[in-house]
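Asks: I'd like to ask you about the structure that follows.
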Amino acid sequence: MSLQALLFLLVYSIALVYAVIAKPIFGLYAYILNFFLDPPGRWWGSYLPDLRWSFLAAGATLAAILINRRNPHAPKPLSFLAFKLYVLYVLWMWVQSGWVVDPEEHARGLNFMTKFVLVIYMVTVLAGSIQIIERILFAMVAGGFYLGYLAFSSYTGGRLDGIGGPGINDASSLGLVMAAFAIVAGVLYHIGEGPGKWLSAMALPFILNAIVAASSRASFLALAAGGIVLFLYRPPRETARLLFYGLLAMSLFLSLASEFFWERMQTMRAATDESGEMDKSAASRFVIVESQWKIFLDHPLGAGHHGTAALSYKYIPIEYHASQGGRASHNTVMTVLVDQGIVGILLWIALLITIYQMCRRNHEIAIRVGDKRVAWINSSIAAALAAIFVGGLFSQQLKLEVFYWFMALEMALSHCVARTYEPMHDRQIRAD
């Protein structure tokens, strides 16, 4: 057995055993470890048993939560409107099973989206304190560090595909996830202490380099959008430091950016510059969105998962067809509109508004009570969510699992803020 396989098996097994007998959070760490290392997708995975490692970790973690119910103050997912809206969204997908255009693809998508209900539950329940939320964020950055190292050691040119693992194996998804992690790594360096601080500092160049290697326009825009949200949600009297660190990160990013990367980014100008010439990939986005609107009008209750791919060949001009016919969606909002129809899009918009309201309220309370650490943690999660949302306007990211991790962490943070600071915040408002 290879050393890598042996180390994975050892750490993974110890974490799950310790989760069941003592601390369920270690089951979540094992789940995150498996997500990033992705044994079936690595060469050393052939030395391991053919198991569903993520399913095993999730099952052991959920069992550990039931066995070790010692914290009556743990967050309760069903108390959050965001969780209820997501569950309703998944239930609507189950209802749709009776009329979808591609039952096999819909069943596959339903499997993913139902799994995310359990993932959101698991992360929310276990992230019961500010310290644990911060540790989970560090675990995510460490995973980004690993993927960044793989990108650094294996990239040979073009767009980077095939290193991300489940759900992030393509360049667009990998770049988008790394854009979110870059923001989190920067904040954790700013507020971190000891090894965690320096882990974030070491991870950031590798994460930024992976974004460059992915050469995704969506990821570039996502990183910019996340940076704007981070600036807007900064604690008071932190502007100068944030700008200083931001300029350092920008300088590092510019030093890493390749000629191929800038050639890819240059095509975005053509969307607004009449003299520019859009490449076919960029131009097709507008054609696909137009066809998706027509599909929605013909299927107002939704065509089911991958509805665009199943029906677009009827709506898109043949010159924009892929080699197998038709085109897949490249916009998450339009994906929801086509796949889940009017009911789905209303639930999805309500979910996004609810997440925004949580971020906003956590920001207001943290600032009012003067807890800069909580304010920074909230700003990093809010910025990561904003980055994924903006990136999702230019690529299909409905099944991007990391989005649901951040959503669950924001819910857990809301619980911690409400339990610790909301009474103080309300008293101050009454006093004012």
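The values are calculated or read from the model by the stated rules, or taken from the named source; none is laboratory data. Please read these numbers as outputs of a predicted model, since none were measured by experiment. No Cβ is skipped: glycine too gets one built from the backbone with ideal geometry, and neighbour counts run over all protein chains shown. These area figures cover heavy atoms from the full protein model, side chains too; ligands, DNA and RNA do not enter into them. Shrake-Rupley method; radii C 1.70, N 1.55, O 1.52, S 1.80 Å.
Asks: Those residues that are more than 22 Å from A225 (Cβ to Cβ), touching a helix residue (DSSP H, G or I) at 6+ places or on another chain (Cβ under 7 Å) and in contact (Cβ under 8 Å) with a residue 60 or more places away in the chain, I need them from region 342-391; list them, please.
Replies: Result: V343, G344, L347, I365, R368, R373, V374.
Asks: Additional query: So K115 passes all but one of these: (1) surrounded by fewer than 20 Cβ atoms within 10 Å (Cβ to Cβ); (2) more than 16 Å from the chain's Cα centre (by Cα); (3) part of a helix (DSSP H, G or I). Which condition number does it fail?
Replies: Going through (1) surrounded by fewer than 20 Cβ atoms within 10 Å (Cβ to Cβ); (2) more than 16 Å from the chain's Cα centre (by Cα); (3) part of a helix (DSSP H, G or I) one by one, K115 breaks only (2).
Asks: Separate question: Are any residues in region 220-244 open to solvent by 60 Å² or more (accessible area, probe 1.4 Å), in a helix (DSSP H, G or I) and of a type outside the set (A, V, I, L, M, F, W, C), and if so, which ones?
Replies: R241
Asks: What is the number of the single condition among (1) assigned to a helix (DSSP H, G or I); (2) touching a Gly at 6+ places or on another chain (Cβ under 9 Å); (3) open to solvent by less than 10 Å² (accessible area, probe 1.4 Å) that G144 does not meet?
Replies: That leaves (2) as the condition not met.
Asks: I'm trying to understand the selection: among the residues of region 332-352, which are surrounded by fewer than 20 Cβ atoms within 10 Å (Cβ to Cβ) and among the polar types (S, T, N, Q)?
Replies: None; the set is empty.
Asks: Which of the helices (runs of 4 or more DSSP H) found entirely inside region 1-98 contain at least 2 residues meeting this: over 26 Å from the mean Cα position of the chain (by Cα)?
Replies: So the answer is 3-21, 53-67.
Asks: Among the residues of region 191-204, write down those that are open to solvent by 30 Å² or more (accessible area, probe 1.4 Å) and not aromatic (F, W, Y).
Replies: Within region 191-204, E193, G194, P195, K197, L199, A201, M202, L204 meet the criteria.
Asks: Within region 153-192, how many residues are assigned to a helix (DSSP H, G or I) and within 14 Å of S215 (Cα to Cα)? First the steps, then the outcome.
Replies: From region 153-192, those assigned to a helix (DSSP H, G or I) are 153-154, 171-191; that's our starting set.
Filter once more, so that each one left must be within 14 Å of S215 (Cα to Cα): 171-179.
Qualifying residue count for the region: 9.
Asks: A follow-up question, please. Within region 205-215, identify whether any single residue is surrounded by 17 or more Cβ atoms within 10 Å (Cβ to Cβ), among the hydroxyl-bearing types (S, T, Y), touching a Leu at 6+ places or on another chain (Cβ under 9 Å) and part of a loop (DSSP other than H, G, I, E, B), and answer yes or no. Full working, then the answer.
Replies: So the first thing to find is which residues in region 205-215 are surrounded by 17 or more Cβ atoms within 10 Å (Cβ to Cβ), and the list is 205-215.
Those left that are additionally among the hydroxyl-bearing types (S, T, Y): 215.
After this cut, where a residue has to be touching a Leu at 6+ places or on another chain (Cβ under 9 Å) as well, the list is 215.
Subsequent filtering for residues that are part of a loop (DSSP other than H, G, I, E, B) retains 215.
Yes: one or more hits.
Asks: Sticking with this one: Quick one: is Y31 crowded, with 19+ Cβ neighbours inside 10 Å and aromatic (F, W, Y)?
Replies: The answer is yes for Y31.
Asks: Which members of region 3-28 meet the condition of being open to solvent by less than 10 Å² (accessible area, probe 1.4 Å) and farther than 25 Å from M178 by Cβ?
Replies: The answer is A5, A19, G27.
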